[in-house]
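Asker: Sharing a structure here in structure tokens format.
The values are calculated or read from the model by the stated rules, or taken from the named source; none is laboratory data. Note that this is a predicted model, so its numbers are computed, not measured. Quick reminder, even Gly has a Cβ in these numbers, built from the backbone with ideal geometry, and neighbours come from all protein chains shown. For the accessible areas, the whole protein counts, side chains as well, though only heavy atoms, and no ligand, DNA or RNA atoms are used. Shrake-Rupley method; radii C 1.70, N 1.55, O 1.52, S 1.80 Å.
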Amino acid sequence: MIDSGYYPASEFTGLDAAAAAPAAPTAPAAEAGKLAVGIVLPTKDEPRWVQDETRFKDALKAAGYDVEILFSQGDSAKEASNVEALIAKGIKVLIICPQDGKAAAAAVEKAKAAGVKVIAYDRLITNTDAVDFFATFNSFNVGKAQGQFLVDKAGDGKGLPLYLYAGAASDNNAFVFFAGAWSVLQPKVADGTFVIKNSSEAVALQGKAELTRDEQAKIIGQITTNWDFAVAKTLAEQNLTAAKAEDKGNVFILAPNDGTARSIADTFAADKDVKSYVVTGQDAEKASVQYVIDGKQSMTVFKDVRTLVNDAITTAVAFLKGETPQAPGKENNGKIDVPATESEVVTVTKENVKAALIDSGYYKASDFKGLE
């Protein structure tokens with residue numbers, strides 16, 4: 001757990017600190033009194049970003065650089081002021097996961113004007129040339145994995161109720177996740193395996209294998225959870241209230257992430273006309289891993305944050321050394337092709353949860369109940 005970098009040695013007593021220190025990119029000593037790296041994350045209200053905060057602090061400390069991490073709490077204006085505050089402190093590299101990929105463009109353009117290298121983290125910043133690098137998971141593959149799971153569980157069934165949910169319309173990743181899922185689900189809607197029950201826009205476009213951004217926006221406008229657990233619960237309740245008994249039964253649910261998946265799953269489980277449900281998720285949050293073990297959530301897409309943080313830190317250190325970071329891929333943000341790294345994702349179910357999350361050192365077995 002310590003050598004893997006999942007927990008810092010400082011959280012425990014009696015450990016050999018030298019032996020327990022996590023590996024980190026090698027870096028020259030930071031200039032005294034200078035803040036080298038500034039990080040802006042979207043919110044403290046989701047466990048995912050709190051995990052990232054800890055990993056960033058530990059990795060940059062090990063790399064020999066001072067870092068300050070600020071949270072935007074879902075507010076693009078606060079995000080902009082966070083970026084300005086970090087620029088004023090003399091940062092050389094900004095790592096930012098934007099609340100709104102389009103709105104963040106103005107903030108990172110100020111950073112670029114100040115000579116700061118900008119790394120978009122997890123979510124792409126769009127329609128600007130002020131992004132130097134994109135460290136991400138393959139978001140299309142995340143959505144594809146979610147869609148494929150539903151397809152596999154459907155088997156040879158026909159006329160199966162399909163309920164679609166998406167992330168925030170302000171988040172570029174929400175569109176990419178949905179596009180990945182749609183690429184797998186749409187052929188199975190077209191052949192009658194699934195019947196979409198909660199989006200008139202999706203029904204109107206169900207004959208199209210590839211959707212334009214505007215077409216996706218029409219659908220997402222009807223099914224957005226805004227990445228908010230309460231919004232997801234309310235929307236699911238509204239959908240089920242509007243649905244007839246025959247539109248329920250054995251249902252299939254595309255839920256965008258773990259927090260919304262739990263809210264949606266609980267809502268469907270409470271409906272007397274829902275006989276069974278299959279629901280997706282992503283992020284392998286502890287609460288959802290327990291849901292998977294308990295059979296309340298069908299799967300989660302595991303994105304090993306340790307890998308993503310390491311990619312971002314390796315890139316930041318390269319910039320600080322005046323080097324060009326390695327970029328095996330690229331992502332077009334509407335204005336330029338941004339050099340990118342894309343980490344792999346893993347579908348986790350009850351059957352492989354131990355191998356994927358416990359044996360890999362990501363979580364401890366003692367964190368969960370009922371784990372075989």
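Asker: Do you know which of the residues in region 66-84 that are in contact (Cβ under 8 Å) with a residue 24 or more places away in the chain and among the small types (G, A, S) is surrounded by the most Cβ atoms within 10 Å (Cβ to Cβ)? Steps first, answer last, please.
Answerer: Of region 66-84, the ones in contact (Cβ under 8 Å) with a residue 24 or more places away in the chain are 66-76, 79-80, 82-84.
Among the residues that remain, those that are also among the small types (G, A, S) are: 72, 74, 76, 80.
Details: S72: 26, G74: 19, S76: 18, A80: 19.
Applying the filter and picking the extreme gives S72.
Asker: Of the conditions (1) farther than 23 Å from K369 by Cβ; (2) of a type in the set (D, E, K, R); (3) buried (at least 21 other Cβ atoms within 10 Å of the Cβ), D258 fails just one. Which one is it?
Answerer: (1)
Asker: Show the residue pairs that are 6+ apart or on different chains and have beta-carbon atoms under 7 Å apart, the first residue being within region 214-235 and of a type in the set (A, V, I, L, M), the second being surrounded by fewer than 20 Cβ atoms within 10 Å (Cβ to Cβ) and part of a helix (DSSP H, G or I).
Answerer: Pairs found: I219/E201.
Asker: Do the conditions hold for G101, that is, is it part of a loop (DSSP other than H, G, I, E, B) and surrounded by 17 or more Cβ atoms within 10 Å (Cβ to Cβ)? Please lay out each step first, then the result.
Answerer: Numbers: part of a loop (DSSP other than H, G, I, E, B): yes; surrounded by 17 or more Cβ atoms within 10 Å (Cβ to Cβ): yes.
Spelling it out, G101 is indeed part of a loop (DSSP other than H, G, I, E, B) and surrounded by 17 or more Cβ atoms within 10 Å (Cβ to Cβ).
Asker: Give region 243-267 a look and list any residue that's under 18 Å from Q222 (Cβ atoms) and assigned to a helix (DSSP H, G or I), or say none.
Answerer: Within region 243-267, D247, T260, S263, I264, T267 qualify.
Asker: Restricting to region 285-308, count the residues that are touching a residue at least 60 places away in the same chain (Cβ under 8 Å), within 17 Å of V50 (Cβ to Cβ) and surrounded by fewer than 24 Cβ atoms within 10 Å (Cβ to Cβ).
Answerer: Going through region 285-308 one residue at a time, the tally reaches 7.
Asker: Separate question: Applying the selection to region 180-195, what residues are aliphatic (A, V, I, L, M) and buried (at least 22 other Cβ atoms within 10 Å of the Cβ)? Don't jump to the end; show me each part of the working.
Answerer: Start the filter on region 180-195 by keeping residues that are aliphatic (A, V, I, L, M), which leaves 181, 184-185, 189-190, 195.
Once the filter is applied, which keeps residues that are aliphatic (A, V, I, L, M) and buried (at least 22 other Cβ atoms within 10 Å of the Cβ), region 180-195 yields A181, L185.
Asker: Select from region 61-88 the residues that are in contact with a Lys or Arg (Cβ under 9 Å, 6 or more places away or on another chain), modelled with pLDDT of 95 or more and farther than 18 Å from T43 by Cβ and list them in ascending order.
Answerer: E84, I87
Asker: Which one is modelled with the highest pLDDT among residues in region 179-230 that are touching a Pro at 6+ places or on another chain (Cβ under 8 Å) and under 24 Å from K102 (Cα atoms)?
Answerer: Selected residue: T225.
Asker: Looking at region 320-363 only, could you name the residues that are of a type in the set (K, R) and within 22 Å of the chain's Cα centre (by Cα)?
Answerer: Step one: of region 320-363, the residues of a type in the set (K, R) are 321, 330, 335, 350, 354.
Matches in region 320-363: K330, K350, K354.
Rundown of residues vs (1) in contact with a Phe, Trp or Tyr (Cβ under 9 Å, 6 or more places away or on another chain); (2) under 15 Å from N310 (Cα atoms); (3) in a loop (DSSP other than H, G, I, E, B), yes/no style:
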residue: E53; (1), (2), (3): yes, yes, no
residue: A62; (1), (2), (3): no, yes, no
residue: E68; (1), (2), (3): no, no, no
residue: S81; (1), (2), (3): no, no, no
residue: G90; (1), (2), (3): no, no, yes
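Asker: Looking only at region 99-110, which residues are without any contact (Cβ under 8 Å) to a residue 60 or more places away in the chain and within 15 Å of F134 (Cβ to Cβ)? Break it down into steps so the answer makes sense when it comes.
Answerer: Initial filter on region 99-110 (without any contact (Cβ under 8 Å) to a residue 60 or more places away in the chain): 104-110.
Hits for region 99-110 are A104, A105, V108.
Asker: For region 218-242, how many residues are more than 22 Å from V176 (Cβ to Cβ) and open to solvent by less than 80 Å² (accessible area, probe 1.4 Å)? Please lay out each step first, then the result.
Answerer: Step one: of region 218-242, the residues more than 22 Å from V176 (Cβ to Cβ) are 230, 233-234, 236-242.
Applying the additional criterion that residues be open to solvent by less than 80 Å² (accessible area, probe 1.4 Å) yields 230, 234, 236-237, 239-240.
Qualifying residue count, region 218-242: 6.
Asker: Within region 272-284, count every residue that is over 20 Å from L150 (Cβ atoms) and surrounded by 24 or more Cβ atoms within 10 Å (Cβ to Cβ).
Answerer: 0
Asker: Something else: Which of the residues that make up region 136-153 are of a type in the set (S, T, N, Q) and open to solvent by 20 Å² or more (accessible area, probe 1.4 Å)? Spell out the reasoning first.
Answerer: First, pick out the residues of region 136-153 that are of a type in the set (S, T, N, Q): 136, 138-139, 141, 146, 148.
Correct list: N138, N141, Q148.
Asker: Now, a different point. Which numbered condition in (1) in contact (Cβ under 8 Å) with a residue 60 or more places away in the chain; (2) outside any loop (DSSP other than H, G, I, E, B) is the only one that G370 fails?
Answerer: With (1) in contact (Cβ under 8 Å) with a residue 60 or more places away in the chain; (2) outside any loop (DSSP other than H, G, I, E, B) applied to G370, the lone miss is (2).
Every residue, every condition in (1) touching a residue at least 12 places away in the same chain (Cβ under 8 Å); (2) touching an Asp or Glu at 6+ places or on another chain (Cβ under 9 Å); (3) under 26 Å from V50 (Cα atoms); (4) in a helix (DSSP H, G or I), yes or no:
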{"residue": "N310", "(1), (2), (3), (4)": "yes, no, yes, yes"}
{"residue": "T315", "(1), (2), (3), (4)": "yes, yes, yes, yes"}
{"residue": "F319", "(1), (2), (3), (4)": "yes, yes, yes, yes"}
{"residue": "T324", "(1), (2), (3), (4)": "no, no, no, no"}
{"residue": "G334", "(1), (2), (3), (4)": "yes, no, no, no"}
{"residue": "V338", "(1), (2), (3), (4)": "yes, yes, no, no"}
{"residue": "E351", "(1), (2), (3), (4)": "no, no, no, no"}
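The rows are residues; the columns are (1) buried (at least 20 other Cβ atoms within 10 Å of the Cβ); (2) of a type in the set (A, V, I, L, M, F, W, C).
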| position | (1), (2) |
| --- | --- |
| I119 | yes, yes |
| R123 | yes, no |
| D129 | no, no |
| F134 | yes, yes |
| G155 | no, no |
| N172 | yes, no |
| F178 | yes, yes |
| Q216 | yes, no |
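Asker: Out of all the residues in region 171-188, which are of a type in the set (S, T, N, Q), under 22 Å from N239 (Cβ atoms) and within 15 Å of the chain's Cα centre (by Cα)?
Answerer: We begin by selecting, within region 171-188, every residue of a type in the set (S, T, N, Q); these are 172-173, 183, 186.
Okay, now just the ones that are also under 22 Å from N239 (Cβ atoms), so 186.
Within region 171-188, no residue meets the criteria.
Asker: While we're here: Inspect all residues belonging to region 323-346 and state whether any of them is on the phi > 0 side of the Ramachandran plot and either surrounded by fewer than 16 Cβ atoms within 10 Å (Cβ to Cβ) or not hydrophobic (A, V, I, L, M, F, W, C) (or both). Even if it seems obvious, please write down each step before you answer.
Answerer: Going through region 323-346, the residues on the phi > 0 side of the Ramachandran plot turn out to be 334.
Right, trim to either surrounded by fewer than 16 Cβ atoms within 10 Å (Cβ to Cβ) or not hydrophobic (A, V, I, L, M, F, W, C) (or both) and you get 334.
Within region 323-346, one or more residues are on the phi > 0 side of the Ramachandran plot and either surrounded by fewer than 16 Cβ atoms within 10 Å (Cβ to Cβ) or not hydrophobic (A, V, I, L, M, F, W, C) (or both).
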